[in-house]
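Down below is the structure, laid out as structure tokens.
The values are calculated or read from the model by the stated rules, or taken from the named source; none is laboratory data. Owing to the predicted nature of the structure, the values given are computational and were not obtained by experimental measurement. Glycine gets a Cβ as well: all are built from the backbone with ideal geometry, and neighbour counts include every protein chain shown. Only protein heavy atoms, including side chains, enter the accessible area calculation; ligands, DNA and RNA are left aside. Shrake-Rupley method; radii C 1.70, N 1.55, O 1.52, S 1.80 Å.
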Amino acid sequence: QVQLAESGGGLVQPGGSLTLSCAASGSGFSFNTMGWYRQAPGKQRELVAHISSGGITNYADSVKGRFTISRDNAKNTVYLQMNSAKPEDTGVYYCYATTRLFTKWGQGTQVTVSS
């Protein structure tokens with residue numbers, strides 16, 4: 001059974017950096033798209049970034065130029081490097097991974113951008 005485990009969330013000051021990781025466990029699966037969504041208090045979940053198995057990336061306009069998504073296919077792990085963090089980046093960040101058969105979600109990790 002596939003499980004996603006996020007790590008790296010926490011408190012960061014405005015302008016600071018944080019790196020999120022999401023490792024997918026479960027043998028025999030090849031993941032297509034992997035990515036991150038986030039949900040701020042009182043708001044809907046929104047796409048932050050995703051990356052294909054071939055390394056093609058896509059970003060929300062609000063994070064372009066500040067966030068970088070990457071993945072290690074051998075480790076089934078996706079990363080989100082957050083630079084120049086803003087208070088509006090605060091929220092719960094959820095990773096996801098897709099296969100031909102299903103999409104799996106992580107439990108979420110809290111990111112708080114505050115001084």
Discussion item. For the range 68-84, which positions are open to solvent by 20 Å² or more (accessible area, probe 1.4 Å) and hydrophobic (A, V, I, L, M, F, W, C)?
Written reply: 74
Response to the item:
Residue pairs within 8 Å by beta carbon, gap of at least six or interchain, first lying in the range 5-29 and farther than 18 Å from residue 115 by Cα, second basic (Lys, Arg), listed first then second, are 23/75; 24/104
Fill in: Residue count for the range 85-101, restricted to those that are touching a residue at least 60 places away in the same chain (Cβ under 8 Å) and open to solvent by 60 Å² or more (accessible area, probe 1.4 Å)
3
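For the range 32-63, give me each residue that is touching a Phe, Trp or Tyr at 6+ places or on another chain (Cβ under 9 Å) and among the basic types (Lys, Arg).
Once the filter is applied, which keeps residues that are touching a Phe, Trp or Tyr at 6+ places or on another chain (Cβ under 9 Å) and among the basic types (Lys, Arg), the range 32-63 yields 38, 45.
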Worksheet item: Do you know which of the residues in the range 42-88 that are of a type in the set (D, E, K, R) and out of contact with any Ser or Thr (no Cβ under 8 Å at 6 or more places or on another chain) is nearest to residue 24 (Cα to Cα)?
Response: 75
